[in-house]
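These notes concern the structure reproduced below.
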Amino acid sequence: MFNKKLLATAIAGSSAVLGQIPAFAENESSMVLEEVVVTATRRAESAQDVPIPVTAISGDRLERSFAQDARDLNGIAPNVQLQPVGAFQNAAAFYIRGVGSTDIESATDPGIATFIDDVYQGRVSTALQDFVDISAVEVLRGPQGTLFGRNAIGGVVHLQHNEPDFEAVDWGIGVTVGQEDRLDVKFVGNVPLSDTAAFRLAGKSTQADGFYDNKTPGGKDLNGQDRLTLLPSFKWAPNDQWDVLLRGEYNRTRDDSWANIPYSACRQDPTTTPGFAPGNDVVINFISAVFANPADAASFCGQEVDEDSFDVRHDQPEGSFSDFDIWGLTARVNHYMDGVGTLTYIANYRDVEEDVVNDFDTTDYDLFRTRRIQEHYQFSHELRFASEFSESVQLVTGLYYFEQEYEMDQFTNGLLVGGSPIFGNSTQLNQAWAAFGQVDWSVNEKLSLTLGLRYSAEEKEFDHCGVGFGDPVSRSCQIDLGGGFVSTLLQEDEDWSAVSPRLGANYFLNDNVMVYFSYAQGFRSGGFNGRGNTPSSIGPFDEETADNYEIGIKSDLFDQRLRLNASAFLMDYEDLQRAAIRPAPGGAGQETVTENVGSAENWGIELEMQAILTEQLSAFMTVGYLDASNEEWCAAVNGVLATDAPPAGFSQCGPSTEVFLPGGGSAGFLVPVDVSHLPPPQSPEWSVRFDLVYDMRLRNDSSLQIAGSWRYSSEVSLVSAGLPAGTLDGVVQYNGEFVNPERDSTNIFDLNVTWRSANENWRVSGYVKNLTDELYAGTGTFVAGLFNFTQMNHPRHWGVEFAYRM
C-alpha cells in the first residue's frame, strides 16, 4: 500500500532529509545529484519544488563536519550568522538577513525562532546545546508564520532528531579525543519492541578544558565544558490510522563561564599617570586611584586580539560557572484519515534551572561580578491539519498556544557597588495564541499560487525590581528610598496582536527550473526590559513588523550534475526594536534597553550551489550579499544627560524626557539623537562558504573521504550603539592601541578526513578547525560608562573520533 505513514511523519516535521553535500545516484547516462527532501511546508517535498529559501543539512553532514552545536553551521546557508551571546556561551545570537537579537533576557523575544522537533524554544540562553542524534537541520530565511505554530519575523532554525525504528536493532558509539583534554562520548541505541513499537536512546557526554589560561593566582581557567545530554524516545503505531511519539530531554551542564577579554578604552592624557584621561571607564579610574600600582591598569585596556589574548585575568572569588539543568517531554500524535488528511497534535513541557556567575571587570580585583539564578518553564500545544483530499489544492491549518514563565534573581557584587551584594528580581508570564493556515493551489502543471494568513495575540505580565532596589537576604524588593519602603518597582501587563499575510506564486519553466515570487509579513511582539532600573527604561516597547518581498530561481542543470539556486529579497521594518547598553540613571552602572527606534531596510542576494565535478569530487558553495541599514534610528544612546540638549556632534531627533529616580528627584534627561548611520550588528555585507569533498574507494573496499571548507565574512559591527556611543570612530588610547567597534574581515579554513571500513561499521575521523589559526573578536560588549570586553573565536584546534555502528 501507499506509505502514508512515512509521508505523514515527514509532514509532522520529524523525518530525516537527505544530505546537502552532493551525493551520487546512478542513472542510464550520468551521475546525478541526489534529491533533497524537506518538510518546510509541512509536506515531504523536494527542496527544489519548495518556493521558499530553505537550506537542509543532513545529520551525516553534521557528523562529517564535527558540528558540536549550531555555531558550526555558520555559512552553510547564505546570510546566516549563528554566534553565542557574549559572555553567555550557551546562549544564541542568531542573525538571518540582518535580523536577530543579542539580548540574553527572557523578557524579550528573539528575532530568529529555534525549533527542536517542531517545538519552539522560548529561551535564547539554552539554544546552543550539543548536537546529538540529529537527522537534519533546516534553515528557513525570512518571515515564517503561516505554517509554524510560533511566529518568526526573521527566519527559523529547525533541528530534527531521529525517530525510533520498528525494523531492526541498531546501536553505535563514538569517542572523540582532542586538544585541551577533550573527551566526548556519544552513543545511540534503537530497539524494536514489537512490529508496532520501538524505543530509542541517544546521549552524549562532553568534557573539555578551556582555551583560556587564567593568570590570576588561585584563579580557575575558563571556557571548559562538562555536559551530559540524554534523549530517550518511544514510538507506537497500533494501526494504519494512528501513531504516537514520545520524546524526553535531559541536559546537565556544568560549564565554566566564558572568558571576558578586556577591551576598555583608555584615552590619552599626558598630564596624568599612567596616561589615562579623567572620565574614562569607571574600572580604569578605580584601579588607578585606589590600588597600589595604578600602572597595572594598562593590562585592562583594549589590546590587539592575538594569541596572548588567551591569557586572561579573573579573580573569581566564588568561581565562575554556567550551570543548567534542563528536562522536557514532547508528545506527538498523528491521526491519518484516508482521503482526507492528517491531523497532528504536539504538546511540550520544558523546565530550565540555571545558575550563572560571571566576572565582568576582567581584572585581578573583585570589582564587578554578577550571579543570575533563574527558573523557567514553557508549555505549548499545537493542533495542525494537513489535507489530502485534492491533488491540486494543498491545505495546512492550525491552532497554537504557548505559555512561558520565568523568575530571575540577579546579584551584583564587588567594590564598584560598595563591596556588599545588591539585588534585583524579575518575573514574567507570557501567553501567546495563534491561528494560522496556508493554501497552495496548483493551477496547472506549471503554475501554483499560495495564500497564507496568521493571527497572533500575545500577553505579558511583568513584575520587576531593578538591581539595587531589592534585599539580597530576603530576595524581595524591599528597600528604603527615603520615603518609606517600596515593595516593587514596576508591575505591568500589556498585550499585542497582529494579522500577518503571505502571498506567493511559482512557475516551472521546465522539469528542472522553477521561478518564484513571495510576499510575507512578519511580527514580533513588544515587551519589557529586564535590566532597566527606572519606569522610563523598563518599557513596555511596542511590536515590530517586517514586510518581506522575494524573487528566486531553483534549478538542476547539466543532466542534474549542477544545482544552482538564487534569490533576492527586500525586508522593510517598521517600529524597529533595537537594544543598546547605556549609562544608568544616577550615574551608577549601566542598563540594557530595547526601544522602538524607527525603521530599517535590508536587501540582499543569495546564491547556493552544489556540483558534481568528477565521480569522486563534489563541491558546495553559498554566497550572501547583504545591505542592512537603518532608515531611522532615534534613541538616547548616550544615556541620561545633565541637560536636555544633545551632546556636541549629534542632532536631536525627538523631545527630551526628564528621568526621575524611584526614590524621588531628577536624574537628568534622556535626549534622543539620530544614529541611523550605525549598521546593525552581526550583519556582514559579504559572506561566503565553499566546501570540497573528495571520496575514494580503497583496495580493501574501505573508503576514505577528505573534506575542506573555507568561510569568509567581510567586516562587521560588534555592537549596535557604536563606540564612542553613536559613532564608529573607535578610540585611540594613550599607548597608541585602537579600540575598534568593528571586526575586520575573516577567513576560516577547516579540514577533516574520514576512513570507513568496507561494511561501514567502523569509522575513524580526524579534524582540524581554524587551520590557519585566525583570531578575532567574535562578539563585543561595550558597557557604557563602566568597561568594555570581548570574546574571541576559537583558535586552531584538532580532534580524532573513533566510532562503531551496527
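What a 1.4 Å probe finds exposed on the chain is 55% carbon and sulfur by accessible area, rounded to a whole percent. Note on ASP542 and VAL499: the extension gain reaches 13.9 nm, defined as 0.36 nm multiplied by sequence separation minus the Cα-Cα distance. Counting only heavy atoms of the protein chains and using a 1.4 Å probe, LEU728 has close to 50 Å² of accessible surface.
Can you give the helix-only mean residue ellipticity at 222 nm for the chain, where every DSSP H stretch with n ≥ 4 adds -39500 (n - 2.57) and the sum goes over all residues, rounded to the nearest 500 deg cm²/dmol?
Values: 4 runs with 27 residues, N = 806.
Only helices count here, giving -1000 deg cm²/dmol.
In the full protein context, the chain carries 38 Å² of accessible surface per residue, based on a 1.4 Å probe and ignoring ligands, DNA and RNA.
When peptides 92-98, 639-645, 365-371, 471-477 are sorted by average Cβ neighbour count within 10 Å, with the highest value leading, the order is 92-98, 365-371, 639-645, 471-477. Quick one: of LYS554/LYS769; LYS235/LYS460; LYS186/LYS769; LYS204/LYS769, which pairs are farther than 28 Å apart, Cα to Cα? LYS554/LYS769; LYS235/LYS460, as the Cα separations exceed 28 Å there. Relative contact order of the chain, taken over Cα pairs closer than 8 Å and 6 or more residues apart, is 11 percent.
Determine the shape class of the range 42-84: with a ≥ b ≥ c the square roots of the Cα gyration tensor eigenvalues, call it rounded for a/c under 1.5, and otherwise prolate if a/b is greater than b/c, oblate otherwise. Walk me through the intermediate numbers first.
Values: a/c = 2.77, a/b = 1.56, b/c = 1.78.
Oblate.
In this structure SER288 has an accessible area near 30 Å², from a 1.4 Å probe over the protein heavy atoms.
Compared with the alpha-carbon gap, the fully stretched path from TYR507 to ASP72 is longer by 153.1 nm at 0.36 nm per residue.
As a length-normalised measure over Cα pairs under 8 Å and 6 or more apart, the relative contact order of the range 139-201 settles at 27 percent. Charge tally around GLN121: other residues with Cβ under 10 Å, Lys/Arg +1 each, Asp/Glu -1 each, net +3. Solvent-accessible surface of protein heavy atoms, probed at 1.4 angstrom with all chains present, puts ASP463, ASP109 in the order ASP463, ASP109, largest first.
Quote the FRET efficiency, to the nearest 0.05, computed for ASP351 versus VAL290 with a Förster distance R0 of 56 Å and r equal to the Cβ-Cβ distance.
Details: r = 44 Å, r/R0 = 0.78.
Once rounded, the FRET efficiency stands at 0.80.
Only protein heavy atoms count here; under a 1.4 Å probe, TYR120 has an accessible surface of about 10 Å². Near the amide H of GLU591, under 5 Å away, which other amide H atoms are found, from residues 5 or more places off or on another chain, if H is placed in the peptide plane? Correct list: ARG582, ALA584. Close amide H pairs (under 5 Å, H built 1.01 Å from N) link GLY730 with LEU723, residues at least 5 positions away or on another chain. One Cα centroid belongs to the range 385-461, the other to the range 125-148; the line between them spans 14 Å.
The values are calculated or read from the model by the stated rules, or taken from the named source; none is laboratory data. The structure displayed is predicted, hence computed values, not measured ones. Counting neighbours? That spans all protein chains shown, and the Cβs are built from the backbone with ideal geometry, glycine included. Side chains are part of the model used for accessible areas, which takes the heavy atoms of the whole protein and leaves out ligands, DNA and RNA. Shrake-Rupley method; radii C 1.70, N 1.55, O 1.52, S 1.80 Å.
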